[in-house]
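S.K.: This is the structure I have questions about; it appears just below.
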Amino acid sequence: MASIPPNQTIYIRNLNDKIPKDVLKQALYGLCIAYGQVLDIVALKTMKMRGQAFIVFGDITAATAALRQLNGRKIFTRPMQIEYALSKSTLVAQNDGTYRFDQPNQHMSAKQRKQQLGIIGDAREKRRQSNADDEHAAKRRTTEAQDRIAEESSDDDIGPAAPRKQSPSKT
């Protein structure tokens with residue numbers, strides 16, 4: 001499985017969504033400032049983004065250090081799950097000159113970005129693929145068994161059928 005390439009932006013999930021946004025941002029800033037310059041913290045409270053945050057660092061080494069040291073660390077009673085973001089943040093793109101002002105809102109979905117990076121999809125997709133593989137293997141085994149039975153029965157049909165012994169009946 002391919003991994004997400006290093007990035008100045010890290011993605012954090014499994015954050016406690018009951019904590020107010022400003023308190024969460026301050027806590028994340030306090031944890032991350034020890035690893036390097038923090039340019040931005042994005043923590044939204046929408047239904048889709050609750051319990052998640054993006055932290056933009058000044059350079060990749062700071063982001064890597066924070067990812068390695070903080071992954072699994074508890075904050076507000078929950079262990080953080082951290083990985084590199086799938087794409088660079090708008091702030092980083094503007095700073096390095098790759099931001100396209102004529103197409104500011106052209107974003108890929110996470111699924112599209114993972115396909116572009118060659119990363120296998122999420123756990124649901126893996127389960128679906130595994131189930132499909134299991135079904136295919138089961139059908140193949142069934143077909144092989146049917147072929148074997150048909151072959152064995154065709155071998156038995158080669159000569160005249162031998163009379164069967166009947167058990168004596170009691171009257």
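S.K.: Can you tell me which residue among 40, 17, 22 is farther than 24 Å from residue 115 by Cα, among the acidic types (Asp, Glu) and in contact (Cβ under 8 Å) with a residue 40 or more places away in the chain?
M.R.: 40
S.K.: Only one of (1) within 22 Å of the chain's Cα centre (by Cα); (2) of a type outside the set (Phe, Trp, Tyr); (3) over 16 Å from residue 74 (Cβ atoms) is not met by residue 21, so which one is it?
M.R.: The number of the failed condition is (1).
Read the figures in this text as sums done on the coordinates, not as results from a lab. Fair warning: this is a prediction, and the values are worked out from it, not measured in the lab. When we count neighbours, we look across all protein chains shown, and the Cβ atoms used for this are built from the backbone with ideal geometry, even at glycine.
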